[in-house]
Amino acid sequence: MKYCYHCGKMTAGDPAFCGTCGRTYDVRLCPRLHPNPRGAAVCSKCGSRELSTPQPKIPMSLRLLALLARLGAGLVLFYLTLALIIDAVRSPQVQQTFIAVGMLLSILWWMWSKLPDWLQEGIRSFWTRRHDDAE
Ligand SMILES: [Zn+2]
Ligand SMILES: [Zn+2]
């Protein structure tokens, strides 16, 4: 009795091929039934390129489980990152930094708006001229 991981069916006896989907079990067989390793592209004994398709190494159900596990791990990681960010935002130190940066920015904006018009114009034209020079 052999169990095929590809189609999930049993084949009685000691068959070389799955009775349902026709795949070989852990070898690739040429038309003359020489066994070759999974990675073989040609038969090592007769050189035939018509090698059978072996069943997958891992059962379909297990592959699905592995995929789900990977997806789950990704989700867990995502939530952990999110939780970390939320935690960081909640912590007073980070909040203080945010507030300090915010205050600094508003002070800078306030200073900018208090600058006399001619100075604003001068800085702006200086800035644009420098950009023009660079190009
Ligand atoms: Zn099969
Ligand atoms: Zn062969």
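The values are calculated or read from the model by the stated rules, or taken from the named source; none is laboratory data. If you're wondering where the values come from, they're calculated on a predicted model, not measured in any experiment. No Cβ is skipped: glycine too gets one built from the backbone with ideal geometry, and neighbour counts run over all protein chains shown.
Scanning the range 29-42 for residues that are more than 15 Å from ligand 1 (Cβ to nearest atom) and either of a type outside the set (A, V, I, L, M) or surrounded by 14 or more Cβ atoms within 10 Å (Cβ to Cβ) (or both) gives 30, 31, 32, 34, 35, 36, 37, 38, 39, 40, 42.
In the set 38, 32, 49, only one residue is in contact with a Ser or Thr (Cβ under 8 Å, 6 or more places away or on another chain) and either of a type outside the set (Lys, Arg) or assigned to a loop (DSSP other than H, G, I, E, B) (or both); that residue is 32.
One residue alone among 91, 113 is polar (S, T, N, Q) and either at pLDDT 85 or above or under 39 Å from the mean Cα position of the chain (by Cα) (or both), and that residue is 91.
The residue pairs whose first member lies in the range 57-79 and is at negative phi, whose second member is in a helix (DSSP H, G or I), and whose beta carbons are closer than 8 Å, counting only pairs six or more residues apart or on different chains, are 58/66. The residues in the range 1-41 that are within 13 Å of residue 54 (Cβ to Cβ) and within 12 Å of ligand 2 (Cβ to nearest atom) can be counted, and the count is 7. For the range 78-98, the count of residues that are surrounded by 12 or more Cβ atoms within 10 Å (Cβ to Cβ) and within 16 Å of ligand 1 (Cβ to nearest atom) is zero.
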